[in-house]
Amino acid sequence: MNRAPLWRAVAAFAVIAISAVLAFTISPRLGLDLRGGTQLVFESKDSATVKADAAATDRALDVLRRRADALGVVDPTLVRSGEKRIIVELPGVLDPRQAAEVIGRTAQLAFHPVLGVAEAGDRTAVRDEGGTPLKIGPAAITGDGVTGAAERSDPQRGPGWWVTVDFRDADAWQRLTGAAACEPEGDPKRRIAIVLDREVISSPQVDPSVPCRAGMPGGSADITGSFTYEEARELAVLIKGGALPVPLDLVEQRTVGPTLGAAAIEASAKAAIAGLVLTAGFIILVYRLSGLLATIALACYGLISYGALVAMGATFTLPGLAGFVLAIGMAIDANVLVFERAREEYGAAGDGGRGLRRALDRGFKNAWSAIADSNVTTLIAAGLLFWLASGPVKGFGVTLGVGVLASLVSAMLITRVLVQAAVGRISPRVSGLASQGAVRTWLAHRKPRLMRAGKVFLTVAGGLALVALAGLVVRGLNVGVEFTGGRLVEFATSRPVPADVAGRAVAQAGFPTAVVQASGDGVTVRAAELGLAETARIEQALEPHGGEVTKRREEFIGPSLGEELRRNALIALGVAVAMQLAYLAFRFRWTFGAAAVLALLVDVAIVVGLFAWLGKPIDGVFVAAMLTIVGYSVNDKVVVFDRVRELWAARPREPFAAAVDGAIVQTLPRTVNTGLGALFILVALMAFGGDSLRDFAIALVAGIVTGTLSSALVAGPAAVALARFDRRPPVAPARRKAPPGRSGSGAVL
């Protein structure tokens with residue numbers, strides 16, 4: 001008795017049970033673009049005495065963590081990225097100016113003796129609170145000698161705030177104040193200069209009651225200076241946190257309001273539900289009971305992938321949610337491959353219910369090669385996103401990779417268990433696998449010979465690519481702030497503001513070259529030289545036209561990081577194409593790989609040109625869409641070439657073009673059904689998603705349509721044209737092992 005179905009059922013139940021436990025016991029970790037807050041990315045720089053290496057960055061990370069704790073931020077996240085970068089996530093903090101100034105300030109604190117009033121022209125002098133230049137001696141106590149600091153107030157001492165500082169070395173403080181106490185009252189030398197980043201924040205006189213050389217005992221002092229509460233608290237945070245071992249530059253900053261995050265979650269949930277319902281209805285309509293069982297497996301897929309993500313501690317971002325929703329549509333691909341292959345096997349040798357079971361087994365076995373190849377190409381794209389992307393787009397790579405692996409478990413394990421359990425108990429007609437389908441029947445009757453017009457198809461494809469790329473010359477690319485550097489701010493207005501009115505208001509605020517876009521109740525402003533103070537000025541300039549104006553989202557990318565992200569995006573696309581070519585050449589032959597990459601370049605050119613003509617932004621989300629298109633396009637071509645290899649090996653004496661025609665005809669139902677499943681999801685994202693998700697969906701819709709057409713009309717003719725350069729015969733298909741024979745008649749008495 002074959003126990004494989006039993007063990008598959010046990011494994012499927014275990015996977016579903018574990019995923020359910022993980023999904024319902026672990027809370028998801030939401031990114032700041034979904035829960036609201038500020039993300040800061042700092043890059044450490046070399047100082048005169050310290051090299052900015054991993055160890056120095058780790059010490060700086062500890063200082064930033066103490067400062068974030070002292071600010072009272074709930075559940076801050078601080079991690080080192082690479083050797084020199086620190087990512088700081090501050091949930092609920094919507095004022096990036098305060099966060100950046102307090103968290104990332106160098107804060108080189110020191111206590112100096114005052115040597116007198118500085119002479120004119122002395123470049124080493126520092127000015128006190130009143131502007132008087134002072135000559136100070138070497139630091140007697142540095143920030144490392146401070147053990148604590150806190151803001152204080154006492155009505156009995158009068159209004160105002162001060163900061164109490166506790167010293168690690170009480171003797172050092174006593175010696176410093178004792179030496180100053182020996183100077184006459186009113187002499188500048190009786191003062192102690194408290195310097196923060198070469199700026200005197202306080203220079204109090206030592207009290208007349210302090211005796212000469214005895215100093216102030218106790219290792220504690222009060223810093224006064226007519227502070228407000230906010231100023232005293234900020235100073236206490238900086239002193240308590242300590243000095244940073246190396247300077248930090250702010251290279252990236254993102255701020256998202258909580259209402260925008262909640263709206264993004266709601267929109268993604270609606271898109272997921274609508275897309276799942278449409279996909280389920282379509283697959284049930286096409287494959288009947290088998291489609292219904294695949295829909296159940298699809299729901300299990302969602303549970304498995306979500307459970308895996310929360311177990312990994314992955315952060316859910318807005319692009320990540322888009323990837324999760326998109327993966328639902330892509331997850332049906334393996335099911336469609338198996339079902340279409342089972343239909344072929346049943347049509348070739350159907351003999352009732354027993355033939356259906358065998359056809360299903362062969363469908364799972366023979367479809368595995370194409371499923372494995374196509375998913376490897378998608379994993380390559382997901383890996384490149386995780387490796388080279390920055391910010392929320394990295395979450396898209398993680399979600400896409402986990403989704404691919406979960407879809408394999410869903411289709412090859414759960415769907416197989418459910419369908420095999422039902423096949424022996426239902427009629428072939430009800431199963432949905434006995435009929436060939438309307439598309440396959442029509443194609444089998446017409447038997448189109450597409451390769452006869454291969455040169456025409458290649459010429460048309462080249463013309464379309466040239467028209468699309470002409471948009472780069474005529475319109476240019478609307479490169480987003482993520483690749484150019486600068487600041488992008490999105491404002492919400494209580495009443496709509498026309499784009500021309502918003503542009504004039506921003507120009508009058510002092511930014512005539514800023515890129516201004518208006519849509520509905522929002523205005524987006526992007527400029528290279530746009531600071532936090534300038535952002536507030538633009539907000540005030542928009543108020544007369546838009547009513548109540550609130551900052552909904554803000555992004556800042558430093559010029560060095562923008563150049564790095566732009567370089568990484570080009571590297572990712574180049575490496576993706578090269579790896580796809582190498583993989584296809586390894587799995588098939590180099591002519592197949594070259595034909596697939598040629599068709600892929602046509603797909604990429606058309607999508608990029610479309611965005612150029614429409615003026616859509618080229619940003620990290622667009623790069624994520626392009627890498628997904630690369631994976632999907634090659635995925636589709638892998639399925640076609642896998643069938644080409646099989647047909648060519650089975651009929652080696654027929655022309656190669658006949659094998660290509662046959663492969664396209666046989667795989668077209670799978671291509672159409674898979675593409676429609678993904679398009680349902682993308683249409684839902686376009687309907688319910690925001691502007692960024694809508695642009696993401698537009699890119700993918702264009703990529704899927706062109707990728708589907710180019711598989712038949714570009715990759716096929718290109719493979720036929722390149723075949724003359726590779727005269728090797730087709731590889732013979734692997735021989736299947738025959739089932740062991742029985743001895744005797746098999747009769748039982």
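A few notes on this one:
- Note on Ala582 and Thr142: their simple-model spin labels are 4.7 nm apart, each label 7 Å out from Cα toward Cβ.
- Per-residue accessible area (protein heavy atoms, 1.4 Å probe) orders Thr459, Thr132 as Thr459, Thr132, starting from the largest.
- Placing R0 at 45 angstrom, the Cβ-Cβ distance between Ala14 and Ser494 gives a FRET efficiency of 0.25 after rounding to 0.05.
- For Trp613, the solvent-accessible surface computed with a 1.4 Å probe is close to 100 Å², ligands and nucleic acids excluded.
- Ordered by solvent-accessible area of protein heavy atoms (1.4 Å probe), largest first, the residues Glu234, Glu119 come out as Glu119, Glu234.
- Probe 1.4 Å, accessible area per residue of segment 678-728, Å²: 38
- Listed cross-link partners Lys45/Lys189; Lys270/Lys637; Lys270/Lys365; Lys51/Lys135; Lys270/Lys394 are compared with a 26 Å cut-off, the Cα-Cα value being larger for Lys45/Lys189; Lys270/Lys637; Lys270/Lys365; Lys51/Lys135.
- Potential extension, Thr459-Val705 segment - 0.36 nm per residue separation minus Cα distance: 86.7 nm
- Solvent exposure ordering (accessible area, 1.4 Å, most first) of Trp442, Trp173: Trp442, Trp173
- To put it simply, the accessible area of segment 252-308 at a 1.4 Å probe is 83 percent carbon and sulfur.
- Pair Glu543, Lys51: separation of 7 Å Cα→Cβ label points (nm): 5.2
- Förster radius 56 Å - calculated FRET efficiency between Arg504 and Arg59 (Cβ-Cβ, nearest 0.05): 0.70
- When the solvent-accessible area of segment 496-537 is split by element, carbon and sulfur atoms take up 53 percent of it, the probe being 1.4 Å.
- Accessible surface of Tyr583 - all protein chains present, 1.4 Å probe, nearest 10 Å²: 40
- Placing pseudo-labels 7 Å out from each Cα toward the beta carbon at Asp187 and Ser226 gives an inter-label distance of 2.8 nm.
- Per residue, in Å², the accessible surface of segment 557-632 once ligands and nucleic acids are set aside, probe 1.4 Å: 34
- Taken along its principal axes, the alpha carbon cloud of the chain reaches lengths of 120, 70, 51 Å, longest axis first.
- At a Cβ-Cβ separation cutoff of 4.7 angstrom, cysteine residues of the chain with no neighbouring cysteine are Cys300.
- Once the C-beta distance of Arg724 and Ser427 is scaled by a Förster radius of 45 Å, the resulting FRET efficiency is 0.35 to the nearest 0.05.
- Between the helical axis of 353-388 and the longest alpha-carbon principal axis of the chain there is an angle of about 30 degrees.
- Label zone of Ser81 (point 7 Å out along Cα→Cβ, amide N under 19 Å): in segment 1-44 this covers 29-44.
- Here Leu614 sits with roughly 90 square angstrom of accessible surface, probe radius 1.4 Å.
- What a 1.4 Å probe finds exposed on segment 100-203 is 47% carbon and sulfur by accessible area, rounded to a whole percent.
The values are calculated or read from the model by the stated rules, or taken from the named source; none is laboratory data. Just so we're clear, the structure is a prediction, and the values are computed from it rather than from any experiment. When we count neighbours, we look across all protein chains shown, and the Cβ atoms used for this are built from the backbone with ideal geometry, even at glycine. Remember, those area values only see protein heavy atoms, side chains included, never the ligands or the DNA or RNA. Shrake-Rupley method; radii C 1.70, N 1.55, O 1.52, S 1.80 Å.
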